[in-house]
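All remarks here apply to the structure that follows.
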Amino acid sequence: MFIENSNHRSERQGCIEVITGCMFSGKTEELIRRLKRAIIAHQKVGIFKSAYDKRYSEVNIVSHNANAIDSIPVNEPKVIVSLAANYDVIGIDEAQFFDDSLVRVCMLLADQGKRVIVAGLDLDYRGNPFGPMPALLASAEFVTKIHAICVQCGNLAHYSYRIVKNESQVVVGAEETYEPLCRNCYNDAMKQAF
């Protein structure tokens, strides 16, 4: 006997997935992997990145391992809403470079039934929560925390230690600017730096 559930919703249920961790942990690599799987599944995928990040490409999202996927660079999160209208899955890289309005944008997109996958650093080089990431982590249905390997001792790295002298919170760079460190090695390095 079949009983129809009147509470059943046939429309797609949206969600927010956050991929986070320190530099060189594989956040962008994981984002690209998830987006490519959605493309293989014939879902309509819209991919966005902060226009501020031009390390490897002005347009593409590129991992440190040179894995790349086409994207649309944007300066403000609100632009994503209109550009994402016809997509089922939305990918956003380098979330920490956006302002707090990114959280509202992600919530709106998820409320529209879209799967929103966001990647970004959880902590800045000082070990403080970075940009909109804390609110995104709190708002997400799914959180993946990825670790790098500490370049000093080989343990799991949780921190992005800046190896160049610059007090600005945002300094875009790669191996020449940052190295992943575990808690103990990071604390030791910070004591020597100040």
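The values are calculated or read from the model by the stated rules, or taken from the named source; none is laboratory data. Keep in mind that what you see is a predicted model, and the values were worked out from it rather than measured. Every residue, glycine as well, gets a Cβ built from its backbone with ideal geometry; the counts of neighbours run over all protein chains shown.
Name the residues in segment 22-55 that are touching a helix residue (DSSP H, G or I) at 6+ places or on another chain (Cβ under 7 Å) and not aromatic (Phe, Trp, Tyr), would you? Residues satisfying the conditions are VAL45, GLY46, ILE47, SER50, ASP53. Beta carbons closer than 7 Å, at least 6 apart along the sequence or on distinct chains, pair a first residue in segment 138-155 that is assigned to a loop (DSSP other than H, G, I, E, B) and modelled with pLDDT of 95 or more with a second that is of a type in the set (Ser, Thr, Tyr) and surrounded by 16 or more Cβ atoms within 10 Å (Cβ to Cβ) for HIS147/SER25. Exactly one residue among ILE92, ILE61 is buried (at least 17 other Cβ atoms within 10 Å of the Cβ) and modelled with pLDDT under 85, and that residue is ILE61.
Scan segment 178-190 and give yes if some residue there is surrounded by fewer than 16 Cβ atoms within 10 Å (Cβ to Cβ) and assigned to a loop (DSSP other than H, G, I, E, B), otherwise no. There is no residue in segment 178-190 that is surrounded by fewer than 16 Cβ atoms within 10 Å (Cβ to Cβ) and assigned to a loop (DSSP other than H, G, I, E, B).
Restricting ARG162, ARG115 to those that are among the charged types (D, E, K, R), touching a helix residue (DSSP H, G or I) at 6+ places or on another chain (Cβ under 9 Å), under 26 Å from LEU83 (Cα atoms) and crowded, with 17+ Cβ neighbours inside 10 Å reduces the list to ARG115.
Checking each residue in segment 145-154 for being closer than 15 Å to TYR178 by Cβ and out of contact with any His (no Cβ under 8 Å at 6 or more places or on another chain) picks out ALA148, ILE149, CYS150, VAL151, GLN152.
For segment 71-94, taking the residues that are touching a residue at least 60 places away in the same chain (Cβ under 8 Å) and touching a Leu at 6+ places or on another chain (Cβ under 7 Å), the one that is farthest from THR28 (Cα to Cα) is identified as GLY91. Residues in segment 92-112 that are touching a helix residue (DSSP H, G or I) at 6+ places or on another chain (Cβ under 7 Å) and of a type in the set (S, T, N, Q): GLN96, SER101. Looking at (1) within 18 Å of SER25 (Cα to Cα); (2) part of a helix (DSSP H, G or I); (3) within 17 Å of the chain's Cα centre (by Cα), can you tell me which one VAL103 breaks? Condition not satisfied by VAL103: (1).
Residues that are under 22 Å from LEU181 (Cα atoms) and either touching a helix residue (DSSP H, G or I) at 6+ places or on another chain (Cβ under 9 Å) or among the aromatic types (Phe, Trp, Tyr) (or both) within segment 130-144 comprise PHE130, GLY131, MET133, VAL143, THR144, listed in sequence order. Under the condition of being basic (Lys, Arg), in a loop (DSSP other than H, G, I, E, B) and modelled with pLDDT of 70 or more, the residues counted in segment 17-58 number 1. If I filter segment 66-87 for residues that are at pLDDT 95 or above, under 25 Å from TYR159 (Cα atoms) and among the hydrophobic types (A, V, I, L, M, F, W, C), do I get at least one hit? No, the conditions are met nowhere in segment 66-87. From the residues in segment 119-132 that are in contact (Cβ under 8 Å) with a residue 60 or more places away in the chain, out of contact with any Pro (no Cβ under 9 Å at 6 or more places or on another chain) and closer than 14 Å to VAL18 by Cα, which one is surrounded by the fewest Cβ atoms within 10 Å (Cβ to Cβ)? Among residues in segment 119-132 that are in contact (Cβ under 8 Å) with a residue 60 or more places away in the chain, out of contact with any Pro (no Cβ under 9 Å at 6 or more places or on another chain) and closer than 14 Å to VAL18 by Cα, the one surrounded by the fewest Cβ atoms within 10 Å (Cβ to Cβ) is LEU121.
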